[in-house]
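Where a number appears in this text, it was derived from the coordinates with a stated rule and is not lab data. Worth saying up front: this structure is predicted, and the values here are computed from it rather than measured. We place every Cβ from the backbone using ideal geometry, glycine too, and count neighbours over all the protein chains shown.
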Amino acid sequence: MRILMIAPEPFFEPRGTPLSIYQRLQALSTLGHHVDLLTYHIGKDVHFPNVHIHRIPHVPFVKEIKVGPSWIKPLLDLLLFIKAIGLLLTTKYDVIHTHEEAAFFGVFLAWIFRTRHIYDMHSSLPRQLKNFNFGNWSPLVRLFEILERITLRGSDAVITIGADLELLVKRINPNVNPLMVENLPFFIGSGHPQAEQIESLKEDLHLDGKSPIVYTGTFEHYQGLDLLFDSAAIVMKEDPDVCFVLVGGKQQQIEKWQERAVTLGITDHVRFVGTVSPEEAAHYMELAEILVSPRVDGTSVPLKIYSYLYAGKATIATSLIAHTQVLNEDIAYLVDPTREALAEGILRLLQDQNLRKRLGANARIFAEARFNHENYLDKMKQVYRFNQPFIEAKEKTAPALK
């Protein structure tokens, strides 16, 4: 099929939705589809067979896009909309596949150009506004709620990344059949880093025999770094041989948390790595004694969780729905989202090597069975099954996606 995918993101950057889009493109390419990806002017080109990247015109005063909603995105999305019309006027597409807020105009374009629309729902956008402190703008939140309802009722298929979103979709549109396509560990299939690489990394970080507690991801407030740093101060008093390694964050964010580390008196026990490629992030996960996800808000599953499980290391996470949709006590150590509970959990894992090994081994087995390329490709086939003529001919009685 010929697919127009619209992604209102800086693509490619190693974070959240762009990582998920990367996996969608890889799968659609493997399945033999032709994809025109329309995205922002910012990002690194990636190359897959039959995938072509189209970008909006360069906007000189926009050099980076922060995670979540921002006031610059309406301008960029307007440019996406105009560029999408141009592509639709010159190319006949079988499907428009949209991500995030591009779905709001994607469903309209699909109706105008008489084609199918797939909404790739990574989060509920009205909820996301609240998570990023736009919640006080009640007219804006209400507008997004209306647009989300129109989109879910007008789409031919909806992809979700977690059970919470699946329930939301079914509540708004019982007639649509949402398919949950969970993300893959990003470095799956590449194998574990070599022992020499890990030892070299430990030397570079000056760990000096310390036990590394590793966090990977963005430094947005909902990720719970406040909680992590407060708990770190407690852990240090009980176990001075521990070191927290933070992978991710922009330079300005890192400087803020370096100041916080000074205030808490834990500077010697914290290492900031900055943003790295997903493949490099795998190296830091491999050197970890414990992987940590201290999220304090949101309902969508953090992408890091899939890679944490596949890494085969003990994971400690807050017992929020964002985590418990995937994690349970057999494969992770779940704690209340308080500094005391997180600190107590980290200390428990540090003191119990057998528990760490058991959780890590169970996590790896779980990830290999559930989050693998075969399952992922099968689900993407199901998403696109409505456009296969032989199914339409032979299965006229099957439930429609719309």
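For Cys243, the residues whose modelled amide H falls within less than 5 Å of its own, excluding neighbours fewer than 5 places apart on the same chain, are Ser211, Ile213. Annotation: segment 237-369 has a Kirkwood hydrodynamic radius of 15.5 angstrom, from the mean reciprocal C-alpha pair distance. For Trp111, Trp71, which order do you get if you count the other beta carbons within 10 Å of each Cβ and list the fewest first? Lowest count first: Trp71, Trp111. Loop-located GluC sites (Glu not before Pro) in segment 199-280 (DSSP state other than H, G, I, E, B) with a sparse environment of at most 11 neighbouring Cβ atoms within 10 Å are absent. Label-to-label distance for Val262 and Gln351 is 3.4 nm, based on points extended 7 Å past Cα in the beta-carbon direction. Ranking Val335, Leu320, Leu207 by Cα position along the charge dipole of segment 195-370, where only Lys, Arg, Asp and Glu carry charges on their C-beta atoms, puts Leu320 farthest toward the positive end. This model, with +1 at the C-beta of Lys and Arg and -1 at the C-beta of Asp and Glu, gives the chain a dipole about its Cα centre of some 1680 debye. On a 18 Å Cα-Cα criterion, which of the cross-link pairs Lys92/Lys381; Lys83/Lys379; Lys170/Lys381; Lys66/Lys256; Lys210/Lys250; Lys130/Lys256 come out too long? Where the Cα-Cα span goes over 18 Å, the pairs concerned are Lys92/Lys381; Lys83/Lys379; Lys170/Lys381; Lys210/Lys250; Lys130/Lys256.
DSSP beta bridges confined to the chain are antiparallel in about 0 percent of cases. Put in line by how crowded their Cβ is, counting other Cβ atoms within 10 Å and starting with the fewest, Asp336, Asp164 read Asp336, Asp164. Translational diffusion coefficient of the chain (Stokes-Einstein, Kirkwood radius from Cα pairs, 20 °C, 1.002 mPa s): 96 µm²/s. Taking other C-beta atoms within 10 angstrom as a stand-in for reagent exposure, Arg142, Arg385 fall in the order Arg142, Arg385, fewest first.
Relative contact order for the chain: 14 percent, from Cα pairs under 8 Å spaced at least 6 residues apart, divided by residue count. Scoring 97-108, 13-24 by mean Cβ neighbours within 10 Å over their residues and listing the highest first yields 97-108, 13-24.
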